[in-house]
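Structure, as C-alpha cells:
The values are calculated or read from the model by the stated rules, or taken from the named source; none is laboratory data. Note that the structure is a prediction, hence the values are computed from the model and not measured. Please note: Cβ atoms are built from the backbone with ideal geometry, for glycine as well, and neighbour counts cover all protein chains shown.
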Amino acid sequence: MWNFPLVPPTAAEEALHISWLYWVITGMAIFFVVAVCAAALVLVVRYRASNENVNRDNPPESDMRLEMTWTLMPLVLALVIFFWAAKLYADIYTPRDDALEIIAIGKQWMWHVQHSNGVRENNELHIPVGRPIKVTVISQDVIHAFSLPAFRVKRDAVPGRYNSMVFTPTKTGKFHLLCTEYCGTKHSEMIGSVYVMEPDDYQKWLESGGKGTDSSSAPMSLEDQGKQIFTQLGCNTCHGAAGAAVRCPPLEGIYEKPIELANGQKVIADAEYMRESILNPAAKIVKGYDNLMPAYQGVASEDQIIKIIAYIKSLKDAKPAEASK
Amino acid sequence: MAKSHSTGGHHDAAGHHDGGHAHVIPSVGFYFWTLLVLMVLLVLTVWAGYWKVSVSAGIVIALTIAVVKAVIVISNFMNVKFGTKQVWLWAGAGFFWLIILFAYAFADYVSRDHWMKYPGWEQTISERVTSEVSGEAKEEGSH
Amino acid sequence: MSAAENQMETQAHHEKVNYINVRTTLLSWLVTLDHKRIGILYLLTVSFFFLIGGLAASLVRMELVSPKGDLLESDTYNKMFTTHGVMMIFFFLIPSIPAVFGNFLLPLMIGARDVAFPRLNLLSWYMVAGGGLLALAALIMGGVDTGWTFYTPYSSSFAKTQVALTVVGIFIAGFGSIFTGINFLVTIHKMRAPGMTWFRLPLFVWAMYATSLIMVLGTPVVAITLLLVAVERLLGLGIFDPARGGDPILFQHLFWFYSHPAVYIMILPSMGVVSEVISAFSKRRIFAYHFVAFSSLAIAIIGFLVWGHHMFSTGQSMYLGVVFSFITFLVAVPSAIKVFNWLTTLYKGRIELTAPMMYGLGFIGLFTIGGVTGLHLAAMATNVHLTDTYFVVAHFHYVMVGGAIMGYMAALHFWWPKMTGRMYPESWAKLSAMIIFIGFNVTFMPQFILGYMGMPRRYHSYNEEWQVLNVLSTAGSSVMGLGYILPLGYLLWSLKYGKIAPQNPWNARGLEWEIVDAIPHPHNFETIPIVTQEAYDYEHWHPNKPAQQPVIVGGGKS
Amino acid sequence: MSNTTQDLSLDPHGAHGHGAHDNPHLGEQFEDIAQQYDTYTVGMWAFIVQEVMFFGGVFAAYAIYRYKYLEAFSYAHLELDVFWGTVNTFVLLFSSFTMALGVRAAMLQARKAQIGFFLATILFACVFMGVKYVEYSAKFDHGLIPGHNFTLYTEHLNEVREKHPHVAEAVEKNPALVPQMELFFGFYFAMTGLHGLHVLIGIIVIGALVIRAWINKNKPLDYMPVEMVGLYWHLVDIVWIFLFPLLYLVGGH
C-alpha cells in the first residue's frame, strides 16, 4: 500500500535534462508559493484589526522601485527558463540522422510499431539502450499522442503528417507507452510497454523476429517488404525499368537530398515529401519531368507508404542510375 | 466627503460624451461622389482580375483595392469621418485584431515544414537551401 | 448618529421600494430589464449548471478510485468528463462572475442607472440559459464524448454522439457572452457618472473591462469555428478533415485563439473581486492602483498572443512555438505584479478576517500555485512531457477552481448583503471557506504528481501504481464537494432567517456601498452622483466611526 | 459638396435635463439624448468588431487553404460566374448608397424620402438574393455541392473541358486536386451562405424600420435605430467587398 512511486523513472538522457529543468522550475515555484503564503500569513496576523499595538502610520500608496523590482525579477527568471526550455525542446524534436529509426502508427485504439528491419509489434516497443532512437509517428484516423513518460517525450500522431522525436535510453527495463490525446471510447486502453534492452539482447530479439510479438517467423526487413510492395503496386514498371529516368526521376540517392521542382522551388526529398508524392504525385513535380504518375491516395496504406519510403531510403547511397546519361 | 449631491450641473468630461452632440449630415452630393468612386474601383477590381499576373500578385492587387473600397465605405457611408475618436478606435480595433489571428496562423503554415527539413535555428532557411543545393551541384560537377 | 439608530433606519429602508419587492410575479422577473434582476437570474442559472457539472465531476472522481474501469462504461465515462468540462467552462465559469456580479454591480459601481442596453442584456441571459439547456438536452439525448475541446477530426468525423447539438448550444451561449461583453464595454465607456474618471474606477470595473474585451474579440472566432464543425458533421464540408484535404491543426489554432484567452475571462473577474475584497477588509487603498488596473489590460491583450502553447506537441512550426512560449512567459509578469500588490495592500492595514476575506486570501494562495505551475507549461521542453496529463488538469483547476471559483465565492459572500439584504451566518461561511481550501488542495495536489509520472487525462482506467494518489484525490474532492454544498444551505437559509443587513455591513467604500438603500432601488440612483474621489477612500476611516453618512441619495428621497 | 451641421437633439428642454426624462426617445438609463447617441454608436461599433472577428475566423481558414492549395483553388474559382458576382457587387454598393441616403432622410425627419430609400435598399437586397439563388442553383445543377453532389470534376469532366480545357487536363493528370476543389466550394458556400444570412437579416430589419416609419408618419422619430441598421448594412457590404475578389477573381482568368 505505501509502496508507490511519486516520480517516473528517468530512463533517457533527455529525461535527465528535462527532470533538471522540471525540478528547477518546481523549486522556484515552491519558493514563490511559500514566500507569498508566508507573507500573507504574517501580514494578516500582524495587522489584524484587533491588534492596536502596531504602527499603521503613513501606509505607502505605491512605490515605483518596488514595482520595478517585482516586474523585472520575474521577467528575468522567466527569460532564463524560456531559453533553457526552448533549447532543450529544439534538441529533442529536431530530426537527426544518426538515430535508429522507428515508426509508430496510431489507430483507434492501438499503436502499431514498425522497425526498420521489418519487425512489427503492436502496443509494444523494443529498443536498445544507449543509442539515439528516432520515433516518427503518424495516425490513420483521429489525433493520438505517443507518450513515453519515462523518457519525458511525447508527440502527437496527426493524420496526414509525420511528427518525430529523438531520445537516448539510458536504462534497461520496461516502461509505459501511453496515448495522451483523447481519441474516443477506448482511449485509456491505447497503452503499451516499451522494453529497453541491452544492444546484444536487442539484436537477438530483432533477429528472432520479435519474439512475443504478432509476427511468428523471421520477418523480412522493412526495405525488402518495401521492395515487394513497390512491385505489387506496380511502381517498378516505371521507376524500376531500364531507361526509366526518361519518364521519371531516379529514386537512387535522392532520399533527404535537395531537389528542384518544375516551378523552380527547391525542397528536400524527405519522408514527408515522399509520402505526398506517392499519394498525390502531381503536387510537386521534379524539374524536367512530366506529370505522369497516378495518385495512390486511397490505394497505398500508411503502413505500405512507410515501407516504400524505407525501400527508397535504402537506395540512398546507391549512385544515381547512369541510364539518364 | 467622498461624493456630493448632484444638483444637475453640466457634466464634466468623465464618461458621458466626447464633446458636443451636433451631428454632421453629409449632403446628397457627398454620398453620390462616394458611390461613383466605389463604382470606378469596382470596375478596376474586375479588370484587375483579368490581368496576366501571378496568383500572389493578383491577391495583393485585389486585396489592396478591396481595402481601399472598405475604407471608403467605413469613412464616408458609415460616417466614421465625422465620428468621435472612440469610433475611430473601434473601427480600427476589429481589423487590427484580425491581423493578429491571420499573422500567427499563417506564420505556422509558412514556417512549419521548414523546421522539419532544416534543423538548426541558427541557420536561415534560404542559406541552408542554397548551400545544400550548390554543394550538390559541386559534387555532381566533380564527377 | 448612533449605531442603533442606524440600524433602525436600515430596517426602515427594507420596507421601501427596492429592486426585489418592486414587482413580485414570476413574469416580472422573466421580462425584467433591471441589470440587478438579470444578475440574479444569472446567479440561479449558473448555479444550476454548476450543479450538473459538479455531479458529472463526482462521477468521474468515483470512477477513478479504482484503476480498472469498473463503475462506468468507458463511453459513459467519456460523456461524463465532457459534460463536466462543457457545463463548467461554457455555462458556469465564463458567465459566472461577469454575468452575475458584473451585471449586478457594474452600473452601481460607476454611478449609472442601468447598463447601456438593458434589452440586449436580457437577451444575453436567454441565450446563455437557452444554450445551456440545448447542451443539457444533448446530454439527455445520449451525451457527447469529445471532451470540451472538440478536437477534430474526432469531433467532426468520428464521434457518433450529439456533438452538433452541443456545439449549437455553445454557439448560442457564446453570442450571449459577446453581447454581455459589448454591453459592459459600452457601459464603462459611456455611462460613468460625472467625475468617475478612468482612474477612479473600482478595480473590479477595470477587470470587467479587460474581460469584456476578450469576450468581444475572441468569442466570435470560436463561434464560427464550432459552427464549421457542426456544418462539417451535418453537410460534410471537410475543412478540418484530413481525409478530405482539411487540416485538423487549423481547428486547434482557431479554437485556442479564443479558448486560451477564455481562461482570462474566468480569472480576470476574480482578480477584480479580490482587489475589492482585499482593499475593503484591510481598510486600505489598494497598493499601486495603476499597476493593478493596467495589469488586467496587459493580461487580456498578451493573453491573446499565447494560444500556441497548447500545441507544442502537435508539430506546429518550431519557430512559432518559440514565439508562443516566449510570450507565455511574459503573461507571468502582470500576474505576479497583481499578487505582490495585493500582499503589499495588507501591509499596515486593519485586517478583518471575514468570510469574503478568507475566500480572497484563499484565492491568492491557490492562484499563486496555479500561476507558478503555469511556468512548467510555458517552458517548451517540460510542456511536452506534461501536456495532456493530470499535471495540466491540476494546473488549470488551480487557476479556474482555486482561482476563479474562490473569487466567485468571495464575491458571493461580499455582495450577498447588498443583493439580498440579509446577512449569512459568518462562522458557517468561514468554515466552508476552510473546507473548500483544504479539500481543494487534497484533490488537486496529488494530480500534479500523477501528471509528472505521466498519467494522461481523460483516462477511464489507469496503471495500478497510480491508485493511491487517485484515491487521495477522490477523497479530497468529496471534502471539497461538502464545502460547496454548505454555502448552498446557509445562503438559502439566510434569505429567510438571516440578520437584516445594514446599508454598509463591511464599512466598505465604493458607490455600491454608499447608496442609502441596503437593497438597491430599481433605478439605483434617484439623481446621478457626482464623484469626487476614487473608490478606495479609507484614509479617514476609523474603527469606532463606521461609514460616513451615506451621501448618495436613492430610493425615493432626494 | 456641402455638409450641414445640425443639432439633432430631440430633447425639447435642451441637452441637460437631468433626471427629467420627458423625451419619449430617451432611454431610462441615459441622462440626455447626446449620451444615448454616443452609447448606441459605440455599441454598434463594438458589435461590428465582433462581426469582423466572426467573419475573420472563416476568412483566416480560407486564406490558409488558398495558400496550401493554390493550384486547385485557382482552377475551382473558374466555375464561379464573374458576371453575376460583378452584378451583385454593384447591387450591394448601390444599396449601401440608398441606405446612406435613407439614414440621412431619417435624420432630417423626411419620412417619405426615408421610406422610399429603404424600399429601394430592400429591393436591391432582394435582387442580390435572387442572383445568389441563380448562382446556387447553377452550382447544384453542375454537381458542385461539396459532400453530397460533387461530380463536375469526375463524372462531368467534359463540361469543364469545353470551357476550361487546361483545368480538365490538370484534373485528369492529378485527381488529387478534386477534393481540394471540393474544399474551395465548401468555403464558397460557407462564406457566401453566412453573408447571405446577414443580407436576409438585413432585409427583415430594414423592413421593420419601413413599417415603423410608416406607422409613425407624422411623429418625430428617433433616428438612432435607423443609423445603427445603416451601419450594419454597410458592414454587410464591406464583407462582400472582400468576398467578391477573393472568391471570384483571384487566380486569373
Practice prompt. With respect to C:A411, determine if the residue is at pLDDT 95 or above and either part of a helix (DSSP H, G or I) or surrounded by fewer than 24 Cβ atoms within 10 Å (Cβ to Cβ) (or both).
Written response: yes
Fill in: Residue identified as closer than 19 Å to C:A381 by Cα, out of contact with any Lys or Arg (no Cβ under 6 Å at 6 or more places or on another chain) and buried (at least 18 other Cβ atoms within 10 Å of the Cβ) among A:F146, A:F82
A:F82
Fill in: Search result, residues across region D:66-92 that are part of a helix (DSSP H, G or I), closer than 28 Å to C:V221 by Cβ and among the aliphatic types (A, V, I, L, M)
D:L70, D:A72, D:A76, D:L92
Worksheet item: Can you tell me how many residues in region D:87-106 are within 10 Å of chain B (Cβ to nearest Cβ) and either surrounded by fewer than 20 Cβ atoms within 10 Å (Cβ to Cβ) or among the aromatic types (F, W, Y) (or both)?
Response: 3
Practice prompt. Please enumerate the residues belonging to region C:315-343 that are over 27 Å from C:A381 (Cβ atoms) and more than 7 Å from chain A (Cβ to nearest Cβ).
Written response: C:K338, C:N341, C:W342
Fill in: Selection from region B:71-98 of residues that are surrounded by fewer than 19 Cβ atoms within 10 Å (Cβ to Cβ), at the interface with chain D (Cβ under 7 Å from one of its Cβ atoms) and more than 23 Å from D:Y37 (Cα to Cα)
B:F95
Discussion item. I'm told D:T41 meets every condition in (1) within 8 Å of chain B (Cβ to nearest Cβ); (2) of a type in the set (S, T, Y); (3) without any contact (Cβ under 8 Å) to a residue 24 or more places away in the chain except one. Can you identify the failing condition by its number?
Written reply: (3)
Item to complete: Look at C:A138 and say whether it is at pLDDT below 95, within 30 Å of C:D75 (Cβ to Cβ) and among the small types (G, A, S).
Response: yes
Discussion item. Condition check: modelled with pLDDT under 90, among the aliphatic types (A, V, I, L, M), farther than 30 Å from D:T121 by Cβ and surrounded by 19 or more Cβ atoms within 10 Å (Cβ to Cβ). Does D:A176 satisfy that?
Written reply: yes
Practice prompt. State all residues of region A:27-44 that are loosely packed, with under 14 Cβ neighbours inside 10 Å and among the small types (G, A, S); if no residue qualifies, say none.
Written response: A:G27, A:A35, A:A38
Worksheet item: Looking at (1) in contact with a Leu (Cβ under 7 Å, 6 or more places away or on another chain); (2) closer than 18 Å to C:G403 by Cβ; (3) surrounded by fewer than 24 Cβ atoms within 10 Å (Cβ to Cβ), which is the only condition C:S259 fails?
Response: (1)
Worksheet item: Picking from D:D11, D:D7, which residue would you name as being on the phi < 0 side of the Ramachandran plot, more than 8 Å from chain B (Cβ to nearest Cβ) and at pLDDT below 75?
Response: D:D11
Fill in: Residues of region C:123-150 that turn out to be part of a loop (DSSP other than H, G, I, E, B), at negative phi and buried (at least 24 other Cβ atoms within 10 Å of the Cβ), as a count
3
Practice prompt. Having 3 or more residues that are without any contact (Cβ under 8 Å) to a residue 60 or more places away in the chain is the bar; report the strands (runs of 3 or more DSSP E) wholly within region A:47-153 that clear it.
Written response: A:100-107, A:133-139, A:144-148
Worksheet entry | Count of region C:153-195 residues which are outside any helix (DSSP H, G or I), among the aliphatic types (A, V, I, L, M) and farther than 25 Å from C:Y264 by Cα | 2
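Pick from C:L120, C:L44: which is free of Cβ contacts under 8 Å to residues at least 60 places away in the same chain, in a helix (DSSP H, G or I) and surrounded by fewer than 23 Cβ atoms within 10 Å (Cβ to Cβ)? I'd like the intermediate steps shown before the answer.
On the way: C:L120 fails: free of Cβ contacts under 8 Å to residues at least 60 places away in the same chain.
Within the list C:L120, C:L44, the selection yields C:L44.
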Item to complete: Might you check whether a residue that is part of a helix (DSSP H, G or I), touching a Leu at 6+ places or on another chain (Cβ under 8 Å), within 11 Å of chain D (Cβ to nearest Cβ) and buried (at least 24 other Cβ atoms within 10 Å of the Cβ) occurs anywhere in region C:229-250?
Response: no
Worksheet entry | Residue ID - farthest from the other protein chains (Cβ to nearest Cβ), chosen from residues in region C:158-169 that are surrounded by fewer than 21 Cβ atoms within 10 Å (Cβ to Cβ) and over 29 Å from the mean Cα position of the chain (by Cα) | C:K160
Worksheet item: Residues in region B:77-90: is at least one aliphatic (A, V, I, L, M), at pLDDT 85 or above and within 25 Å of A:Q265 (Cα to Cα)?
Response: no
Fill in: Tally, over region B:31-70, of residues that are facing another protein chain (nearest Cβ under 7 Å) and hydroxyl-bearing (S, T, Y)
3
Practice prompt. Output the number of the condition that A:L178 fails; it satisfies all remaining conditions of (1) in contact (Cβ under 8 Å) with a residue 12 or more places away in the chain; (2) over 28 Å from C:G69 (Cβ atoms).
Written response: (2)
Practice prompt. Report, by residue number, each residue of region C:424-456 that is crowded, with 22+ Cβ neighbours inside 10 Å, in contact with a helix residue (DSSP H, G or I) (Cβ under 6 Å, 6 or more places away or on another chain) and not in a helix (DSSP H, G or I).
Written response: C:Y424, C:G454, C:M455
Worksheet entry | Residues of region A:148-164 satisfying the condition of being within 12 Å of the chain's Cα centre (by Cα) and either among the β-branched types (V, I, T) or at the interface with chain C (Cβ under 7 Å from one of its Cβ atoms) (or both) | A:R152, A:V153, A:K154, A:R155, A:D156, A:V158, A:R161, A:N163
Worksheet item: If you go through region C:345-373 one residue at a time, how many are in a helix (DSSP H, G or I) and facing another protein chain (nearest Cβ under 7 Å)?
Response: 8
Discussion item. List the residue pairs whose Cβ atoms are under 6 Å apart, where the first residue sits in region D:237-253 and is outside any loop (DSSP other than H, G, I, E, B), the second is hydroxyl-bearing (S, T, Y), and the two are 6 or more positions apart or on different chains.
Written reply: D:D237/D:S96; D:F244/D:T89; D:P245/B:T45; D:L247/D:Y188
Worksheet item: Out of A:Y47, A:Y89, A:Y22, which single residue is surrounded by 15 or more Cβ atoms within 10 Å (Cβ to Cβ), in contact with a Lys or Arg (Cβ under 7 Å, 6 or more places away or on another chain), facing chain C (nearest Cβ under 7 Å) and more than 18 Å from A:V194 (Cβ to Cβ)?
Response: A:Y47
Worksheet item: Is it the case that some residue within region D:168-181 is part of a helix (DSSP H, G or I), closer than 19 Å to A:N280 by Cα, away from chain A (no Cβ under 14 Å) and not small (G, A, S)?
Response: no
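Can you confirm whether D:A63 is part of a helix (DSSP H, G or I) and under 18 Å from the mean Cα position of the chain (by Cα)?
Taking the combined requirement at face value, the residue does not satisfy it.
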Worksheet item: Looking only at region C:260-295, which residues are within 13 Å of chain A (Cβ to nearest Cβ), among the hydroxyl-bearing types (S, T, Y) and touching a Lys or Arg at 6+ places or on another chain (Cβ under 9 Å)?
Response: C:S279, C:S282, C:S295
